[in-house]
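The values are calculated or read from the model by the stated rules, or taken from the named source; none is laboratory data. Just so we're clear, the structure is a prediction, and the values are computed from it rather than from any experiment. Neighbour counts are summed over all protein chains in view; Cβ atoms, including those assigned to glycine, are modelled from backbone coordinates with ideal geometry.
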């Protein structure tokens, strides 16, 4: 009976020993990897003063069992490893913030400078436009003044420039200073052509066959008769120019015949200003049929 009991207990003991050995191996390994708590808290003085000769500088941190970090030391280790990185990241954030602020300042100054330059350019453009307008107005005024000066020069040049447009001869019968009906008809035609016109003069040259002072006196009477009739028909006195020649012949005319009849030679003269008025007195044609040159 004892033999049977011994057989039954032997397998149980073996199983118990195997189970104990399984639990004892990890504990022993962990104790070997970590020093005791007393050794960590109160290291001997010699160990604190002199490093172990076996310790190597820059040695990697020891890890726990099966290559894993000790769960109690994981947060400290991770913090120790990540603190430098966090510091660098903070510095980079500060640098980026400073750069962004500098860029914003530069952009603000650049925009302000651009706006100021644009405003200056707009003001300069407006000034240039105004100057161009004033220059154009001045040019227009200068051209108008130049044209006015040219017109005045033409006017002044034409004040004393007269040309003949018609002529006629009025005869006096018997040497008497009396206008006949035919002579009055001739003068009426002249007056009709001169009404409403400007820029003309009437020249009268009276001739008499008598010699000396008698001839001149008779010629003067003929002129007075003609001037009186023209003035009575609204011809201004200042437009009448007359000379009593008696029996004198035109100077330089070698073919002129001696004066045989009492007469008055009338010329209608016009200057260049008459063309700017309503109409030139061209209708006052002479009874002799003389045409305007």
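Among the residues in the range 100-111, are any more than 60 Å from the chain's Cα centre (by Cα) and modelled with pLDDT of 50 or more? No; the residues of the range 100-111 include none that is more than 60 Å from the chain's Cα centre (by Cα) and modelled with pLDDT of 50 or more.
From 175, 132, which residue is at positive phi and either surrounded by 11 or more Cβ atoms within 10 Å (Cβ to Cβ) or modelled with pLDDT of 90 or more (or both)? Working first, answer last.
Working: 132 fails: at positive phi.
Result of the check over 175, 132: 175.
If the condition is being exposed (fewer than 13 other Cβ atoms within 10 Å of the Cβ) and assigned to a loop (DSSP other than H, G, I, E, B), then the range 178-194 contributes only 178.
Looking at 229, 238, can you tell me which residue is closer than 30 Å to residue 150 by Cβ and surrounded by fewer than 19 Cβ atoms within 10 Å (Cβ to Cβ)?
Values: 229 fails: closer than 30 Å to residue 150 by Cβ.
Criteria check complete, one pass: 238.
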